[in-house]
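Visitor: Sending over a structure as structure tokens; questions will come in a sec.
The values are calculated or read from the model by the stated rules, or taken from the named source; none is laboratory data. All values reported here derive from a predicted model rather than from experimental measurement. Virtual Cβ from ideal backbone geometry, glycine too; neighbours counted across all protein chains shown.
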Amino acid sequence: MELTHVTSCAQRIIDSIETVIVGKHDAVELTVAGFLSGGHLLIEDIPGVGKTMLAKTLAKSVGGSFKRVQFTPDLLPADVTGSSVFNQVEGCFIFREGPVFANIVLADEINRATPKSQAAMLEAMEEFQVTADGITYQLPKPFFVMATENPIEYEGTYQLPEAQLDRFIMRVSLGYPSAKDEVEILTRQIKHHPVDDVTQVLDDGEAADLQIAVRDVFLEESLKAYMVALVGRTREHPDLELGASPRGSLALMRCSQAIAAVSGRDYVKPDDIKRVAVQCLAHRLIVKSEQSIHGLSGREIVEDILRNVPTPTD
């Protein structure tokens, strides 16, 4: 598949999403890049700013099967992955697939469930498979998890385990709309919700091909070294308890390739890396408690690293 076609498809997806999500072009582009990268996306923000609508609109735009899991404190792991039930007619146990068996899975308010239920998705997100009763079941392709998360300060939320956070290729936020954009949101929803009008903009099976094609975006050796240098700085930063793993480097590479393709290029530029670095790395870092108390965040540390690591030149 030509990369020009990837760019064209990405733009169609973006245009479709923006019929519903108003005034958040950067977040929408990053979301589409996250999908094309073949990873999974964590959307963290306060309730009511459009996290669920973003996931629904992306799912309708790219086609394929879509299922939603509403994470609650009483959710069990089997409610996510599926379980074996006894078939009285055939006299044996059969596996009943859970909602994780879909092309796009919306894990809504994932941090309202207990850590045990959150961890039920680890194998699915990393291995694209589910194991139950000693039998492994492959998940459909493409398989993309969009998880929404309320800020941890909100009542009734649990901290996501570090191992699970590391499985999300990016974490993005939407934030409040501007006054002008909020008026536009009201105007669009006077009679009905615009998500009802969203239609599939890709051909059947095209989404998986796009994810494969993005990996052909050229990445120069000096930019690989630049990515490794950025990630390496997190491992030696004095304000961090834990830096990013090699999975962070891979996430940075995949998302840089994807954002380059979305931008219409068949090669990665340093600006592509800088654009996705915070979203790819900040959620993987553990800030030392004494610094966290004073409000220092992973985002600020990544931004500081970007300022201090020399950018490769042509």
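Visitor: Can you pull out the residues in the range 229-253 that are closer than 19 Å to residue 39 by Cα and either in contact with a Cys (Cβ under 7 Å, 6 or more places away or on another chain) or part of a helix (DSSP H, G or I) (or both)? Talk me through it step by step, then tell me what you get.
Guide: Step one: of the range 229-253, the residues closer than 19 Å to residue 39 by Cα are 231, 244-253.
Matches in the range 229-253: 231, 246, 247, 248, 249, 250, 251, 252, 253.
Visitor: On to the next question. How many of the residues in the range 36-64 are within 23 Å of residue 15 (Cβ to Cβ), of a type in the set (Gly, Ala, Ser) and modelled with pLDDT under 90?
Guide: Start the filter on the range 36-64 by keeping residues that are within 23 Å of residue 15 (Cβ to Cβ), which leaves 36-39, 41, 43, 45, 49-64.
In the following step, the residues that additionally are of a type in the set (Gly, Ala, Ser) were identified as 37-39, 50, 55, 59, 61, 63-64.
If we keep only those that are modelled with pLDDT under 90 as well, we get 50, 55, 59, 63-64.
Result for the range 36-64: 5.
Visitor: Give the residue, chosen from 71, 66, 93, that is within 25 Å of residue 136 (Cβ to Cβ), out of contact with any helix residue (DSSP H, G or I) (no Cβ under 6 Å at 6 or more places or on another chain) and assigned by TED's automatic domain parsing to the domain that holds residue 160.
Guide: Numbers: 71 fails: out of contact with any helix residue (DSSP H, G or I) (no Cβ under 6 Å at 6 or more places or on another chain); 66 fails: out of contact with any helix residue (DSSP H, G or I) (no Cβ under 6 Å at 6 or more places or on another chain).
None of the other options fit; the residue is 93.
Visitor: Which residue pairs have Cβ atoms under 7 Å apart, sit 6 or more places apart or on different chains, and have a first residue in the range 173-195 that is in contact (Cβ under 8 Å) with a residue 40 or more places away in the chain and a second that is among the acidic types (Asp, Glu)?
Guide: Qualifying pairs under 7 Å: 173/44; 173/45; 174/45; 175/45.
Visitor: Are there any pairs with C-beta distances below 8 angstrom linking a residue in the range 36-56 that is within 16 Å of residue 160 (Cα to Cα) to a residue that is surrounded by 24 or more Cβ atoms within 10 Å (Cβ to Cβ) and small (Gly, Ala, Ser), with the two at least 6 apart or on different chains, and if so which?
Guide: Filtered contacts from the range 36-56: 40/34; 40/147; 41/34; 41/147; 42/147; 43/55; 43/147.
Visitor: In addition: Based on this model, can you work out whether residue 95 counts as more than 20 Å from residue 40 (Cα to Cα), free of Cβ contacts under 8 Å to residues at least 40 places away in the same chain and among the hydrophobic types (A, V, I, L, M, F, W, C)?
Guide: Numbers: more than 20 Å from residue 40 (Cα to Cα): yes; free of Cβ contacts under 8 Å to residues at least 40 places away in the same chain: no; among the hydrophobic types (A, V, I, L, M, F, W, C): yes.
No: the conditions fail for residue 95.
Visitor: Cβ-Cβ under 7 Å, sequence separation 6+ or interchain: first residue in the range 291-309 and free of Cβ contacts under 8 Å to residues at least 60 places away in the same chain, partner surrounded by 15 or more Cβ atoms within 10 Å (Cβ to Cβ) and not in a helix (DSSP H, G or I). Which pairs?
Guide: These pairs meet every condition: 291/239; 296/239; 296/287; 297/287; 298/285; 298/287.
Visitor: Give me a count of the residues in the range 142-193 that are surrounded by 14 or more Cβ atoms within 10 Å (Cβ to Cβ), more than 14 Å from the chain's Cα centre (by Cα), at pLDDT below 90 and of a type in the set (A, V, I, L, M, F, W, C).
Guide: Going through the range 142-193 one residue at a time, the tally reaches 1.
Visitor: Is there any pair linking a residue in the range 198-211 that is touching a residue at least 40 places away in the same chain (Cβ under 8 Å) to one that is of a type in the set (Phe, Trp, Tyr) and outside any loop (DSSP other than H, G, I, E, B), with Cβ under 8 Å and at least six apart or on different chains, and which?
Guide: Taking only residues 6 or more apart or on different chains, the pairs are 207/35; 211/35.
Visitor: Just one of the numbered conditions (1) in a loop (DSSP other than H, G, I, E, B); (2) of a type in the set (Phe, Trp, Tyr); (3) over 20 Å from the mean Cα position of the chain (by Cα) is not true of residue 95; which one?
Guide: (1)
Visitor: Do we have any residue at all in the range 274-285 that's outside the structural domain of residue 34 (by TED's automatic domain parsing), surrounded by fewer than 17 Cβ atoms within 10 Å (Cβ to Cβ) and of a type outside the set (Lys, Arg)?
Guide: Taking every residue of the range 274-285 in turn, none turns out to be outside the structural domain of residue 34 (by TED's automatic domain parsing), surrounded by fewer than 17 Cβ atoms within 10 Å (Cβ to Cβ) and of a type outside the set (Lys, Arg).
Visitor: Residue 81 - would you say it is crowded, with 20+ Cβ neighbours inside 10 Å, in contact with a Gly (Cβ under 6 Å, 6 or more places away or on another chain) and assigned by TED's automatic domain parsing to the domain that holds residue 176? Even if it seems obvious, please write down each step before you answer.
Guide: On the way: crowded, with 20+ Cβ neighbours inside 10 Å: yes; in contact with a Gly (Cβ under 6 Å, 6 or more places away or on another chain): yes; assigned by TED's automatic domain parsing to the domain that holds residue 176: yes.
Criteria met by residue 81.
Visitor: Shifting gears a bit: Could you please let me know if residue 165 is outside the structural domain of residue 140 (by TED's automatic domain parsing) and closer than 21 Å to residue 302 by Cβ?
Guide: Values: outside the structural domain of residue 140 (by TED's automatic domain parsing): no; closer than 21 Å to residue 302 by Cβ: yes.
Here the answer is no, as residue 165 does not meet what is asked.
The rows are residues; the columns are (1) among the charged types (D, E, K, R); (2) under 30 Å from residue 104 (Cβ atoms).
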position	(1), (2)
201	no, yes
204	yes, yes
209	yes, yes
229	no, no
234	no, no
239	yes, no
264	no, yes
275	yes, yes
285	no, yes
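Visitor: Quick check on residue 98: is it in contact with a helix residue (DSSP H, G or I) (Cβ under 6 Å, 6 or more places away or on another chain) and not charged (D, E, K, R)? Spell out the reasoning first.
Guide: Numbers: in contact with a helix residue (DSSP H, G or I) (Cβ under 6 Å, 6 or more places away or on another chain): yes; not charged (D, E, K, R): yes.
Judged against the criteria, residue 98 is a match.
Visitor: Just the residues that are in a helix (DSSP H, G or I) and touching a residue at least 60 places away in the same chain (Cβ under 8 Å), please, taken from the range 276-290. Give the derivation first.
Guide: Taking the range 276-290 first, the residues in a helix (DSSP H, G or I) are 276-284, 289-290.
Residues satisfying the conditions are 276, 279, 280, 282, 283, 284.
Visitor: In the range 129-140, which residues are more than 23 Å from residue 70 (Cβ to Cβ) and of a type outside the set (Val, Ile, Thr)? It would help to see each step written out before you state the result.
Guide: First, the residues of the range 129-140 that are more than 23 Å from residue 70 (Cβ to Cβ): 129, 131, 133-136, 138.
129, 133, 134, 138 - these are the residues of the range 129-140 that are more than 23 Å from residue 70 (Cβ to Cβ) and of a type outside the set (Val, Ile, Thr).
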